[in-house]
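What follows is a single structure, written as structure tokens, with notes after it.
The values are calculated or read from the model by the stated rules, or taken from the named source; none is laboratory data. Remember, predicted model here, so these are calculated numbers, not experimental data. Because the Cβ atoms are built from the backbone with ideal geometry, glycine has one as well, and the counts that use them run over all protein chains shown. Just the protein is used for accessible areas: all its heavy atoms, side chains included, with ligands, DNA and RNA removed. Shrake-Rupley method; radii C 1.70, N 1.55, O 1.52, S 1.80 Å.
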Amino acid sequence: MNRRFCLLGSFPGTVVTLRGDLTREIMQRGYEATVLTAAPEANIEADIKALDVDFQAYHVERNAMSVRSDLRTLLELRRYFVDSRPDIALAYTVKPIIWGGIASRHVRHTRFFAMITGIGYAFQGGGLKRRLLSMLVTRLYRYALRRAEGVIFQNPENRDLFIRKKIVDPQKCHVVNGSGVNTKHFKEHSFVDEEPRFLLIARLLGEKGIREYIAAAEIVKQVYPRTQFDLVGPEDPSTDGIPFSEVESWHKSGVIKYRGPTSDPRPFLRECHIYVLPSYHEGVPRTVLEAMCTGRPILTTDVVGCRETVIDGQNGWLVPKADAQALAERMLWFIEHREQWQAMGEASRKLAEERFDVVKVNEQMLKIMGIT
């Protein structure tokens with residue numbers, strides 16, 4: 001009988017783009033694979049099934065807080081684990097980790113692993129609501145991960161936070177270089193010879209630094225009005241989501257060009273000169289890695305996850321989070337030092353190949369999970 005592997009996520013769109021290479025590698029090593037996510041759109045479901053996996057949709061509301069909804073998620077996952085008894089389960093993002101970790105405790109045969117791709121909204125501090133949410137999520141994580149065989153982090157800071165909060169035993173912790181990036185799929189491209197063009201790809205969330213990107217663009221356009229600022233990404237229904245009416249107002253004013261969501265960022269990366277991500281927190285940001293592979297200088301924030309992608313002054317610059325003025329000043333630096341783009345872009349590509357290549361990251365993952 002073949003060994004069985006389960007990949008448990010919530011957002012269907014990330015299965016192929018973030019975990020596709022890993023799933024293929026595991027199947028090549030003799031495992032049957034099952035992917036569980038929320039119900040996808042038809043085109044995304046087709047992409048997932050093209051991996052040649054067994055796909056099962058389950059009920060999960062990524063951004064909702066509802067006892068009834070989460071109980072349904074737990075019961076559906078418990079039913080899956082009891083019926084299918086996978087040998088190895090890998091869960092990523094908050095709800096799959098929590099409810100999958102709790103559900104898998106009913107099946108001693110299953111070796112459960114969690115991948116923390118970022119600490120998210122709950123651990124970012126703030127008012128009473130966030131503090132209460134942080135306490136709840138901490139307790140749920142602690143219970144869900146008690147019997148996990150391994151917990152995989154994408155940066156040391158997130159690992160240290162979980163250890164400090166006594167969520168997980170330090171002996172179970174591992175750190176890998178993000179989700180990795182396919183350096184063959186994302187090829188290096190020369191710069192288009194036109195007016196400077198900045199690009200930000202992200203879900204439309206406040207904590208991605210989108211409002212700072214807009215404010216910085218307004219400052220830069222006062223000096224260099226022909227500079228173009230592109231924004232690519234889908235709406236997000238979470239509490240931190242930016243109303244689409246606000247995005248439309250930026251687009252109509254001409255301060256940015258909103259290009260909509262995309263399933264393939266490569267055309268946008270080829271068009272841009274500088275990639276920008278003013279995020280407040282990340283695991284290791286995938287879009288930055290893709291931009292690095294394309295050979296683009298990076299402008300991002302000096303925060304957990306983002307700082308792993310930049311050697312300051314070599315392949316880009318780090319700026320303080322939530323500081324539109326500092327962001328604008330570095331944008332102006334890029335515009336006025338065009339001769340540095342090529343060297344910085346080449347340094348980005350080299351760093352992506354040496355540290356973040358998906359083949360190397362997946363080898364780390366397989367070793368942690370004991371898949372030979």
Query raised in the report: What angle do you read, to the nearest 10 degrees and between 0 and 90, between the alpha-carbon axis of helix 94-104 and the longest principal axis of the chain?
Result: 10 degrees
**Report entry** Sequence ranges 167-175, 348-356, ranked by mean other-Cβ count within 10 angstrom, highest first
**Finding:** 348-356, 167-175
Query - Values of log10 I(q)/I(0), in the order q = 0.14, 0.29 Å⁻¹, for region 118-181 under a Debye, Cα-only, solvent-free model - result: -0.42, -1.29
Query raised in the report: Quick one: which of LYS129/LYS166; LYS129/LYS165; LYS95/LYS208 span more than 27 angstrom between C-alpha atoms?
Result: none
Query raised in the report: At a Förster radius of 51 Å, what calculated FRET efficiency corresponds to the Cβ-Cβ distance of ARG29 and ARG131, to the nearest 0.05?
Result: 0.70
Query raised in the report: What residues qualify as long-range amide H neighbours of ARG3, i.e. H under 5 Å apart, gap of 5 or more or another chain, H built at 1.01 Å from N?
Result: GLU32
Report task. Note down the Stokes-Einstein diffusion coefficient of region 245-315 in µm²/s, whole number, using a Kirkwood radius over alpha carbon pairs, 10 °C, and 1.306 mPa s. Result -> 119 µm²/s
**Report entry** Largest to smallest accessible area among LYS129, LYS221, LYS252 [probe 1.4 Å]
**Finding:** LYS252, LYS129, LYS221
Query raised in the report: Any idea of the accessible area per residue across the chain, 1.4 Å probe, to the nearest Å²?
Result: 45 Å²
Query raised in the report: If you build a Gaussian network model of the chain, linking Cα atoms that sit under 10 Å apart, which residue out of ARG29, ARG142, ARG78 swings the most?
Result: ARG29
Query raised in the report: Dividing the Cα convex hull volume of region 17-59 by residue count, how many Å³ per residue is that?
Result: 64 Å³
Query raised in the report: Can you pull the percent of the chain's accessible area that's carbon plus sulfur, 1.4 Å probe, other chains left in place?
Result: 50 percent
Query raised in the report: When the Cα centres of region 311-372 and region 18-43 are compared, how far apart do they sit, in Å?
Result: 28 Å
Report summary line: Over region 169-211, the quotient of the Cα radius of gyration and 2.2 N^0.38 Å is 1.89
Query - With eigenvalues of the C-alpha gyration tensor scaled by 5 and rooted, region 54-160, Å - result: 24, 17, 11
Report summary line: Note: ASP193 to ASP160 extended length (0.36 nm per residue) minus current alpha-carbon separation gives 7.5 nm
Query raised in the report: Quick one: Cα centre-to-centre distance for region 74-123 and region 205-256, in angstrom?
Result: 36 Å
Query raised in the report: Among the DSSP beta bridges whose two residues both lie in region 1-116, what percent are antiparallel, rounded to the nearest 5?
Result: 0 percent
Report task. Any chance you could give the angle, 0 to 90 degrees and rounded to 10, that helix 341-355 forms with the longest Cα principal axis of the chain? Result -> 10 degrees
Query raised in the report: Kirkwood hydrodynamic radius for region 5-102: how many Å is it when counted over pairs of different Cα atoms?
Result: 13.5 Å
Requested in this report: Report the local net charge at PRO261: Lys and Arg +1, Asp and Glu -1, summed over other residues whose C-beta lies under 10 Å from its C-beta.
Outcome: +1
Report task. Using only the Cα atoms, work out Rg/Rh for region 275-372, with Rh taken as the Kirkwood radius, to two decimals. Result -> 1.04
Query raised in the report: Could you give the semi-axes, largest first, of the ellipsoid that matches the chain, computed as the square roots of 5 times the alpha carbon gyration tensor eigenvalues and rounded to whole Å?
Result: 36, 22, 19
**Report entry** Relative contact order (%) - criterion: Cα under 8 Å, at least six apart; region: the chain
**Finding:** 15 percent
Query raised in the report: If you take all C-alpha pairs in region 147-263, what percent of them are over 18 Å apart?
Result: 66 percent
Query raised in the report: Using alpha carbons only, how many degrees (0 to 90, rounded to 10) separate the axis of helix 358-369 from the longest principal axis of the chain?
Result: 30 degrees
Requested in this report: List, in the order given, every pair from LYS184/LYS360; LYS184/LYS350; LYS221/LYS257; LYS252/LYS321 whose Cα-Cα distance in the structure shown is over 18 Å.
Outcome: LYS252/LYS321
